[in-house]
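Quick note: the coordinates plus some simple rules give every number you see, no bench work behind them. In this text the structure is predicted, and so the values were computed from the model without any measurement. In this analysis, Cβ positions are derived from the backbone assuming ideal geometry, glycine residues included, and neighbour counts consider all displayed protein chains.
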Amino acid sequence: MDNNDQILDEFLLEAGEIFDQLDLDFVQLEQMPEDKKLIGNIFRAMHTLKGSSGFFAFHRLEKVAHAGESLLSKLRDGIFTLNEEMTDVLLETSDRLRAIVDGVQKQRREPEGDDTTLIQNLKFLTEGGVGIVKAITTPSAAPAAPVSPLVEEVIEITQPALEETILEVAAQDLEQEILEVVKEASIDAAVNEAESSKELAAPVKVSVELLDKLMNLVSEMVLARNRLLSFARTSGDLAFNNTVRRIDTVTLELQERMMKTRMQPISQVWSKFPRLVRDIAQDCGKKVELVQIGAETELDRTLLEGIRDPLAHIIRNSVDHGIEQPAERLAKGKPELGSVKLRAFHENGMVVIEIADDGAGINIPLVKQKAIQLGLVTAERAEKLTERELIDFIYLPGFSTKAEVTNLSGRGVGMDVVRTNIQEIGGTVDIATSAQGTRLRLSIPLTLAIMPAVFVRSKKQSYAIPQVNVIEMLRYEPREGVPGVENFYGVPVFRLRDKLIPLVFLNYELKVDDVMPPTDEPLNIVIVQAAGIRFGLVVDEVLYMQEVVVKSVGPLLKGTPVYSGSTILGNGRVALIFDINAIAVRSGIIAKLADNQFEQDISAVLGANNESQQMLMFDLLGLERMVIPLETVDRLEMIAASRIDRRGNEAVVLYGNKIMRLISLAHYVEGATQKSLYGDETVPVIVHYHHDQPVGFIVKKVHNIVNVPTQVVMVSPPQRGIMGSVIVNDSVMSILNVQEVLNMSGLGPHHEAGISGADFVDNDVITMDREGK
Amino acid sequence: MNRSGSYATFFVGDFFFGIPIAIGVEVTKGQEVTPVPLGPKEVAGFFNLRGQIVTAINMRVRLGLPAVDHGSDALSIFFQDQDHLFALLVDRVGDFTEVTENTFEETPSNLDPNARELIVGVHKLADKLLLVLDTHKIVSGINLVQS
């Protein structure tokens with residue numbers, strides 16, 4: 001079943017529900033013709049039908065619904081009061097609509113037929129006419145459905161209001177005839193119905209509470225199963241063990257299926273957007289198409305609700321602000337038709353939703369200007385901010401670059417709410433923009449109900465940290481001569497691969513310890529990322545990783561945001577789940593970092609002309625994720641250690657018709673470990689031409705080319721051989737300082753005669769061990 | 001709240017309380033409570049009752065009485081308030097008591113103010129006063145932000 005079919009089915013189901021409600025409403029309306037609320041309901045129902053049918057290009061449906069809607073709107077506004085004539089015609093309208101929809105369900109397309117009389121009658125009444133042609137009942141007895149003229153009647157026969165219509169016809173000597181035909185037709189119809197509805201197995205509506213209860217029971221069962229498993233481990237009874245295994249597999253499947261019930265395709269939310277885009281585009285006189293990719297991607301039901309409004313807002317922004325007027329687009333050499341592309345896919349256990357438009361992009365200078373105008377930043381400081389930091393301003397409440405507030409957007413509440421909503425469901429928002437368009441990337445967890453977590457211990461309690469926040473875990477052992485935990489403007493910090501990581505001591509933060517623990521003891525550190533910063537959470541012990549079923553902590557912890565939920569452990573006890581964002585905020589490190597110009601110290605911009613640059617990633621022994629600017633890389637080679645010769649105290653290799661000097665990078669870069677080479681080993685070499693002479697950097701492993709931001713985090717104090725660090729996909733990479741390495745190895749441009757690099761590195765290049773092995 | 005009917009009774013300090021059993025009372029013993037650092041002081045912690053998370057409220061703290069460590073012998077009286085399960089940790093559990101409207105009286109004004117705000121009235125039993133608790137007030141009166 002393709003996507004369109006699915007949408008059509010959803011429409012049919014929705015329409016079926018609308019008709020059922022219409023029937024009830026009409027019946028009530030007959031008793032209370034003055035009830036404005038009821039008329040309003042009917043009006044809205046017609047309106048919904050009209051809207052949906054427009055989407056599917058069901059013109060008959062659209063026209064009939066439109067005519068009915070016009071009459072109803074006059075009734076709703078109190079211009080007319082409902083009379084019998086109107087009721088008749090409206091009922092007929094409802095029946096006709098249902099007949100058409102039934103036709104659609106059977107044939108997957110709109111049935112043909114003539115509605116002119118009905119529409120004329122509706123128009124006549126809408127314009128205030130009285131006394132329409134009495135023929136109105138006749139067309140309803142011979143509706144335009146092609147299957148069998150009377151089938152429709154059979155389907156409608158349960159509708160009390162229509163019974164009268166039929167009886168009226170019957171009064172015209174048709175009674176007997178109809179009854180007979182009806183009998184036959186009802187059999188036909190039953191067969192027809194059964195056949196045509198095979199594909200459309202009507203889903204059962206189950207209350208969310210029931211699902212949640214079932215979910216609870218299933219997780220309870222998982223726990224009981226866990227206990228059973230531990231019994232089985234110690235029991236020698238084969239039959240018992242087999243039974244337990246069976247229960248184990250069934251429970252697992254039950255749990256998976258149960259989770260499935262909560263998952264729904266994202267198309268549920270997206271289906272409203274084509275219309276939205278069309279309407280907004282029309283309002284601003286633009287031409288925009290909406291492309292949807294990956295609409296079948298499934299998300300937890302509660303999360304779907306959470307992304308509905310943010311997505312609508314982003315799309316509205318894209319169409320209203322992003323896409324240019326057609327003339328402007330043509331002038332820029334873009335196609336007249338603008339496009340907004342929605343893409344959903346899975347990545348690292350998250351669902352990523354991208355909203356990309358090919359519009360003008362965010363006007364960064366304007367954002368800067370506004371930020372200065374609003375006093376958010378001083379002019380001097382604004383000049384130093386990177387594009388990314390400037391974009392961050394648009395998340396602030398009340399920030400809008402629009403000069404005028406339109407009814408669509410520009411009130412400045414938007415992006416603030418978008419980010420808040422997305423963060424509430426555990427997601428993140430990322431914006432990339434250029435003159436070619438803007439792309440927003442929302443990363444949303446698959447489900448809120450179950451998530452992987454890392455368990456840590458604080459005193460006697462275990463706590464869960466959501467795995468999305470965890471970058472890595474490490475044990476720090478103080479050693480002589482290595483700086484351990486240091487104090488940086490009142491923040492305890494720790495060096496991780498030459499980057500300063502602020503530390504938060506969990507026991508102290510939770511006030512289960514009154515004093516900061518001594519820092520000359522081994523520390524268990526969980527490096528976490530939240531609220532835009534990375535910090536180390538010092539715990540008593542890192543226990544294990546496990547998928548947890550998230551449960552609410554109830555109303556009494558509303559004032560304690562440190563916990564985002566709770567879960568039940570295998571032993572039946574409750575463990576609390578941390579909200580790492582809240583811990584970061586609570587610990588005050590964010591404020592301290594901002595106050596103490598941490599940024600100024602650690603961020604200096606190098607070559608800020610581009611938003612990213614390409615670098616080659618490689619490893620050294622003991623030092624992973626190094627990068628070297630791609631423009632300094634000329635070739636990559638694999639060189640066998642047996643080919644390496646010595647020239648004085650330099651290692652060289654014959655490279656083409658030149659002699660290439662080899663430099664073991666591990667020698668010059670702080671933190672890397674050196675290793676001897678053996679004869680049959682081949683080593684990766686990064687070739688760099690220095691004054692037309694090839695120089696080879698020996699590394700442990702060459703990875704791939706990565707795009708890194710131009711914002712380089714300087715390390716303080718400077719580390720030998722490293723220019724600074726960049727953050728790529730949430731991991732830190734150290735940039736090789738090529739010039740420094742060349743200088744140190746005596747190849748620098750400024751090195752004066754007599755002072756060779758060898759003077760300050762005790763031994764040159766690599767240690768060879770050809771005889772080894 | 002109906003003034004007559006069955007009450008589950010319990011003791012906290014010198015107080016003798018009752019909760020209408022219609023609220024859904026259940027008594028358990030020996031639950032391992034997971035404490036909540038930084039949480040409201042009245043919240044003793046959480047435990048698991050058949051897959052549901054229960055918030056345990058320490059009635060001694062709630063009433064401003066000196067805390068007593070009941071250890072694993074802590075007794076809990078459960079009730080539901082607005083879709084969430086709560087448990088009161090109490091000193092001792094009494095009998096289920098049937099009372100009629102005749103013995104009911106409005107809250108006496110000389111009652112300890114900490115207890116007075118939580119009760120809807122008293123039943124004069126033969127030997128002592130049964131204080132009828134308003135379970136919703138027990139929960140809603142807790143200051144959520146720890147000072």
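Points to keep in mind about this one:
- Put in order of Cβ neighbour count within 10 Å, fewest first, the listed residues B:55, A:567 become A:567, B:55.
- Relative contact order of chain B, taken over Cα pairs closer than 8 Å and 6 or more residues apart, is 28 percent.
- Using the alpha-carbon positions of chain B, Rg (one decimal) and Dmax (whole number) come out as 14.7, 45 Å.
- Contact order normalised by residue count of segment A:450-601, Cα under 8 Å, 6+ apart, percent: 28 percent
- Mean per-residue shielding of peptide B:40-49 is 4, counting Cβ atoms of other chains within 10 Å of each Cβ.
- Number of partner chain Cβ atoms within 10 Å, mean per residue of B:26-37: 4
- The local environment of residue A:560, defined by Cβ-Cβ distances under 14 Å, has a net charge of +1 under the rule Lys, Arg +1 and Asp, Glu -1.
- Within-13-Å neighbourhood charge of residue A:511 [Cβ basis; K, R +1; D, E -1]: 0
- Calculated translational diffusion coefficient of segment A:29-87 (4 °C, 1.567 mPa s; Stokes-Einstein with Kirkwood radius over alpha-carbon pairs) equals 110 µm²/s.
- Within straight-line cross-link reach of residue A:260, lysines at Cα separation under 26 Å, skipping those fewer than 8 residues along the same chain: A:198, A:205, A:213, A:272, A:551
- Shielding by partners for peptide A:557-570, expressed as the average number of C-beta atoms from other protein chains within 10 Å of each residue's C-beta, is 4.
- Each peptide in A:67-76, A:5-14 gets a packing score, the mean of other Cβ atoms within 10 Å over its residues, and the list from highest to lowest is A:67-76, A:5-14.
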